[in-house]
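Below is one structure, written out as structure tokens, with a few remarks after it.
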Amino acid sequence: MGYIGISQRNPTCYIFLIDQSGSMSEVIANEPGRIKADVIKDLINRFLMNLVLKCTKEDGVRDFFYVSVIGYGINVGSAFIGPLANKDLVPLSEISYLPARIEERLKEDGAGGVTKSKFPVWFDAVADGQTPMCQALNKAKGLLEGWLSQHPNCHPPIVINITDGAATDGNPLIPAEELKNLKSREGNVLLYNIHLSSRSATTIIFPNSDAKLPTQCAHLLYSMSSPLPDYQINYANKAHEMNLDKNCRGFVYNADPISVFLALDLE
């Protein structure tokens, strides 16, 4: 895990902002037959499962991280389901033993067959309503103001906004800047944006300019995004041979979000 100074005494947090508007029922580019909301469902649940595994030690799951999943569509608020419904920042140990359900998944066994595996679910696919992104950013800001007052020395919290379109409740650049201005003694809050598209367009990962972005929405999301810190750039370049430079931003267009998370060691 490529983070500095994270411990149970000094944890940090992830906040996911998940677009749950009606357009998330559209098929995602480059994955025929899969709608965006289902892709995000699997992404968030796999992220939580992998994070629990990484933080499991001999004495149990250690609370190096707290996690919030905020949906925005018809409503803006916690998108956890089951026992964690309506909870905001949840410690990882609590997440580990309170999934809403366990699904059985089939996966290839490497020998031409398939095996069954257990897949815990904390978050479901939703696609309804408009895109109140500004409200979601303000919700994250409120959570982080409280978090940072209690954890002033923490590693900078990371906010990941996953969306397929423009905000319908104002200019999100304003609350995004207010969010990024929050900071611990280790640095400013990091805001990353993953733009899912139904268009068959070129994948763009962590660009250092917005010159090649195809839409006005993509330009805006790029402007909202924080520069990647050196430790994540170094990890991506070393582990995934990405050849990122120091001016790149945490913005992704039309890419597989799971690959993005692996590139940043977000799991």
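Any idea which residue in segment 190-211 is farthest from Asn237 (Cα to Cα), counting only those that are surrounded by 23 or more Cβ atoms within 10 Å (Cβ to Cβ) and either among the hydroxyl-bearing types (Ser, Thr, Tyr) or touching a helix residue (DSSP H, G or I) at 6+ places or on another chain (Cβ under 6 Å) (or both)?
Looking at residues that are surrounded by 23 or more Cβ atoms within 10 Å (Cβ to Cβ) and either among the hydroxyl-bearing types (Ser, Thr, Tyr) or touching a helix residue (DSSP H, G or I) at 6+ places or on another chain (Cβ under 6 Å) (or both), I get Leu196.
So Val39 passes all but one of these: (1) closer than 25 Å to Thr168 by Cβ; (2) of a type in the set (A, V, I, L, M); (3) exposed (fewer than 14 other Cβ atoms within 10 Å of the Cβ). Which condition number does it fail?
(3)
Only one of (1) over 17 Å from the mean Cα position of the chain (by Cα); (2) under 25 Å from Gly165 (Cα atoms); (3) of a type in the set (Gly, Ala, Ser) is not met by Ala125, so which one is it?
The single condition Ala125 does not satisfy is (1).
Name the strands (runs of 3 or more DSSP E) wholly inside segment 1-110 in which the number of residues that are touching a Cys at 6+ places or on another chain (Cβ under 8 Å) is 1 or more.
Output list reads 12-19, 65-72.
Quick check: anything in segment 90-106 closer than 22 Å to Leu179 by Cα, buried (at least 19 other Cβ atoms within 10 Å of the Cβ) and either in contact with a helix residue (DSSP H, G or I) (Cβ under 6 Å, 6 or more places away or on another chain) or touching a residue at least 12 places away in the same chain (Cβ under 8 Å) (or both)?
Looking for residues that are closer than 22 Å to Leu179 by Cα, buried (at least 19 other Cβ atoms within 10 Å of the Cβ) and either in contact with a helix residue (DSSP H, G or I) (Cβ under 6 Å, 6 or more places away or on another chain) or touching a residue at least 12 places away in the same chain (Cβ under 8 Å) (or both), one finds at least one in segment 90-106, hence yes.
Can you say whether Ser7 is hydroxyl-bearing (Ser, Thr, Tyr), surrounded by 15 or more Cβ atoms within 10 Å (Cβ to Cβ) and either closer than 30 Å to Asp230 by Cβ or in contact (Cβ under 8 Å) with a residue 24 or more places away in the chain (or both), as far as the supplied structure shows?
The answer is no for Ser7.
Collect the residues in segment 175-189 that are surrounded by 15 or more Cβ atoms within 10 Å (Cβ to Cβ) and either among the polar types (S, T, N, Q) or under 16 Å from the mean Cα position of the chain (by Cα) (or both), keeping them in residue-number order.
Within segment 175-189, Ala176, Leu179, Lys180, Ser184, Asn188, Val189 qualify.
Being under 12 Å from the mean Cα position of the chain (by Cα) and among the polar types (S, T, N, Q) is the filter; apply it to segment 157-174 and report the residue that is farthest from Gly142 (Cα to Cα).
Thr163
Which pairs have Cβ atoms under 8 Å, sit 6 or more apart or on different chains, and link a residue in segment 238-267 that is closer than 13 Å to Leu196 by Cα to one that is charged (D, E, K, R) and part of a helix (DSSP H, G or I)?
The qualifying pairs are Ile258/Arg46.
Starting from residues that are in contact with a helix residue (DSSP H, G or I) (Cβ under 8 Å, 6 or more places away or on another chain) and in a strand (DSSP E or B), keep the ones in segment 160-174 and report whichever is surrounded by the most Cβ atoms within 10 Å (Cβ to Cβ).
Only one residue fits best here, namely Asn161.
Quick note: the coordinates plus some simple rules give every number you see, no bench work behind them. Please read all numbers here as calculations on a predicted model, not as lab measurements. Glycine also receives a Cβ, built like all others from the backbone with ideal geometry; neighbour counts cover every protein chain displayed.
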